[in-house]
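See below for the structure under consideration.
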């Protein structure tokens, strides 16, 4: 009963906010609706018994990726008229992608008909927590794909740094250790110049 | 508690609902009271360090000062700027406040005294605390004013950067405890060092992580050395500039709720939670209730927070980023590697 209410709540809000993402006029509102959609999708995963994936979705996508998304969108100076004028031009391409996605969903649903997700039965009671099961699968059966994925991500990370890094010669960076290591003895000198001679620096 | 309601003749669903609501209220109301008292304590500690008296007029020793402030704020007019994005402007403080409250669902106050004993408790804490930034960003953007917007950008960058190192610190704790469940983490700390000391913080491999976590938790809650988001010399009052009345109060409640939460997390993750510091039964005929130990530890950490707030000057923004990305992040990654290597050696042998 409670699970059913929660499912319909999450599902309705996910779809509604996904639609709102497309139809919101303000891009910042779009991102915020997207975040709501992520959030409710996590709720759906929680109901399906995938609590680790659900929380990971919130931590990674809602907590980090979407924040940066919002960050960029908020700072952009968006011309709304120009944005909307592209609608008819991009419509065929958008429809194509929508059709592909629809086909994928239909195939996926028919492939999963036999599985537990859509057979009407609730998920099986897991013998071990999600995280342990996932860890065991990742580090035994899928060890090589997992390691390769990690390597690719590392390369991507280094690549991003290399691409965006530029060494500038016109700046004088601060050296924190020198700043901290500075003592009054090195910085201040007490001088007592005789009258009429002044200071020599 | 569900069983107790069921014994009154209610069906399972209704008694579950009532039990949950009762549990939530049992946590939320004392938390609101605690926020009021902790604001008072904060001001008193700060005043004592600055050789002032602090609030001392309303009630005995000024104890009711926070309630007077609350009443004043409550009676003021809510002002929504005409240029503001109304919906977001009003939702933002609600988000901040709600997110500060929901984390408490998984905090165990004693063995078994927890609203939701879920097996991914620590991840839930991380997820909920990463949501906190949305209230601030939304507030800053919806205000349609320059300084709140700057503040929101700073808040977003700061929270994202410190969450990274907090994540790695938590991973090293989880590696030691072998569980994400907060109750499990506290129980693993029983007699952690020679069977004598309760707490991961006494472990030389985890003590640096405890320090990193303490500092990061100050940055995460925007407490003073890291309060760049509301640096009054630069940004008026930060993201709260355009807020008044109850919406302003909600920001305050949320902020201090988060501070108390971080104190609780420090106590739970590193210093034994509700367990006494020594795993020795010094008073055989009497056990000090665990919840009192937890509260004592939280109060100690809050004192540290206030102490730092009163004595340490504000960081510059680039210093803040340097501390987060160039010092804490490499350090916590290094300790994750060290801790996992040590555990591999001691728990599973070298080449397992």
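Read-outs throughout are calculated quantities, based only on the coordinates presented, and are distinct from any laboratory measurement. Not measured: the values here are computed from a predicted model. A quick note on method: Cβ atoms are made from the backbone with ideal geometry, for glycine too, and the neighbour counts reach across all protein chains shown.
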In nm, to one decimal, how far is the modelled label at residue A:75 from the one at residue B:322, with both set 7 Å along Cα→Cβ? 2.1 nm
Give me the distance between the Cα centres of the range A:34-56 and the range A:129-143, rounded to whole Å. 20 Å
Taking N as its residue count, the alpha carbon Rg of the range B:90-137 over 2.2 N^0.38 Å: 1.25
Any chance you could check the Cα centroid distance between the range B:1-79 and the range B:248-301 for me, in angstrom? 17 Å
Rounded to the nearest 500 deg cm²/dmol, what is the calculated helix-only ellipticity per residue at 222 nm for chain B, with -39500 (n - 2.57) per DSSP H run of length n ≥ 4? -21500 deg cm²/dmol
Mean-square fluctuation maximum in Gaussian network of chain B, Cα pairs under 10 Å, restricted to B:84, B:156, B:48, hits B:48
Three-way shape label, the range B:25-134, alpha-carbon gyration tensor, a/c 1.5: oblate
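How big is D, in µm² s⁻¹, for the range B:263-352 by Stokes-Einstein at 10 °C and 1.306 mPa s if Rh is the Kirkwood radius over C-alpha pairs?
After rounding, the answer is 95 µm²/s.
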Determine the shielding of peptide A:51-63 by partner chains: average, over its residues, the number of Cβ atoms on other chains within 10 angstrom of each Cβ. 5
Count, for each residue of B:116-122, the Cβ atoms from other chains sitting within 10 Å of its Cβ, then give me the mean as a whole number. 3
When A:29, A:165 are ranked with the fewest other C-beta atoms within 10 Å first, the list becomes A:165, A:29
Percent of all Cα-Cα pairs per 10 Å bin for the range A:1-77, counting from 0 up to the last occupied bin, reads 21, 44, 27, 7, 1
How do B:159, A:75 rank when sorted from fewest to most other Cβ atoms within 10 Å of their own Cβ? A:75, B:159
Over all residues in A:128-137, what is the mean tally of Cβ atoms on other chains that come within 10 Å of each residue's Cβ? 2
If you stretched the chain out fully between residue B:51 and residue B:144, how much longer would it get, using 0.36 nm times the residue separation minus the C-alpha to C-alpha distance? 29.5 nm
Just need the Rg to Rh number for chain A, please, alpha carbons only, Kirkwood Rh. 1.21
Over chain A, the sum of -39500 (n - 2.57) across DSSP H runs of at least four, divided by residue number and rounded to 500 deg cm²/dmol, gives at 222 nm -21000 deg cm²/dmol
Tell me, how many Å apart are the Cα centres for the range B:121-160 and for the range A:5-29? 21 Å
I need the calculated FRET efficiency for the pair residue B:29 and residue B:283, taking r as the beta carbon distance and R₀ as 35 Å, to the nearest 0.05. 0.65
Treat the count of other C-beta atoms within 10 Å as a stand-in for reagent exposure and order A:12, B:346 from fewest to most. B:346, A:12
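Work out the FRET efficiency for residue A:101 and residue A:191 from their Cβ-Cβ distance, taking R0 = 51 Å, and round it to the nearest 0.05.
0.05
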Starting from the Kirkwood radius over alpha-carbon pairs of the range B:138-256, derive D by Stokes-Einstein at 10 °C in a medium of 1.306 mPa s and give it in µm² s⁻¹. 97 µm²/s
Semi-axis lengths, Å, the protein assembly as shown, gyration tensor of Cα atoms, sqrt of 5 times eigenvalues: 39, 34, 30
Per residue, how much space in cubic angstrom lies within the convex hull of the C-alpha atoms of chain B? 183 Å³
Computed Rg/Rh of the range B:203-284, alpha carbon atoms with Kirkwood Rh: 1.16
Expressed in nanometres to one decimal, the distance between label points 7 Å along Cα→Cβ at residue B:77 and residue A:142 is 5.9 nm
